[in-house]
């Protein structure tokens, strides 16, 4: 279990958010403005979808009980969005085949982090998969759009320093993003207590069944 904890730490906000910001900085410094705006827009959209789904569940209990879905996995989304793009940008000066292999390796590493979220029992399978699919949509859309544009002039020394720094960030204490989301969700919903997977399931189990006798017009 310990190795899954190490793997999952790489998908945390403390690593992936600085990575996403670093990509934007690389592209801005390389004056690749169209790629810069595509990356910020796509990653921002993916992140927004994750946040909205989590706030909807924490504040109002909105989810899909049949699928054990309480919101997109943020770790999975960020990993699948960021890691393939990292390989794609780092391998900009190589051939198309090399870049393709790099992106595939990035997707496999992202999938490993998705799997770790289930292994450490933080997310259900559907939450990890949906987060991973969302993240893959972000990264692959960015790569597909970027392939049609001129290659950016990226600073190799800055890229190497960033990658080394990101590895070090995996040992930093996790950012308490869940606590912030809970505060926002409760503030918006006006509820005193957040919905959790446990009380959500318990509430559904204890809900009274409505029979046809209780619905006199059900058969009309």
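Quick note: the coordinates plus some simple rules give every number you see, no bench work behind them. Predicted model only: the values in this text are computed from it and were never measured. Every residue, glycine among them, receives a Cβ derived from its backbone with ideal geometry; neighbour counts consider all protein chains shown.
Values computed for the structure shown
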{"item": "Calculated FRET efficiency for the pair residue 125/residue 161, C-beta based, R₀ 41 Å, to 0.05", "result": "0.65"}
{"item": "Globularity ratio of the chain, using Cα Rg and 2.2 N^0.38 Å", "result": "1.20"}
{"item": "Per-peptide average of other Cβ atoms within 10 Å, ordering 122-135, 98-111, 147-160 highest first", "result": "122-135, 98-111, 147-160"}
{"item": "Using alpha-carbon coordinates, inclination of helix 96-119 to the longest axis of the chain, degrees", "result": "30"}
{"item": "Backbone N under 15 Å from the residue 133 label point (7 Å along Cα→Cβ), restricted to the range 36-63", "result": "50"}
{"item": "Value at 222 nm in deg cm²/dmol, rounded to 500, when DSSP H runs of n ≥ 4 in the chain each add -39,500 (n - 2.57)", "result": "-23500 deg cm²/dmol"}
{"item": "Cα-based helix-to-principal-axis angle, 125-146 vs the chain, degrees rounded to 10", "result": "30"}
{"item": "Evaluated at q = 0.12, 0.16, 0.25 Å⁻¹: base-10 log I(q)/I(0), Debye formula over Cα of the range 85-162", "result": "-0.42, -0.68, -1.15"}
{"item": "Degrees separating the helix 33-60 axis from the principal Cα axis of the chain, which is the longest one", "result": "20"}
{"item": "As computed over the range 1-108, the Cα convex hull volume per residue (Å³)", "result": "133"}
{"item": "Inter-site label distance for residue 66 and residue 37 at 7 Å from Cα along Cβ, in nm", "result": "4.2"}
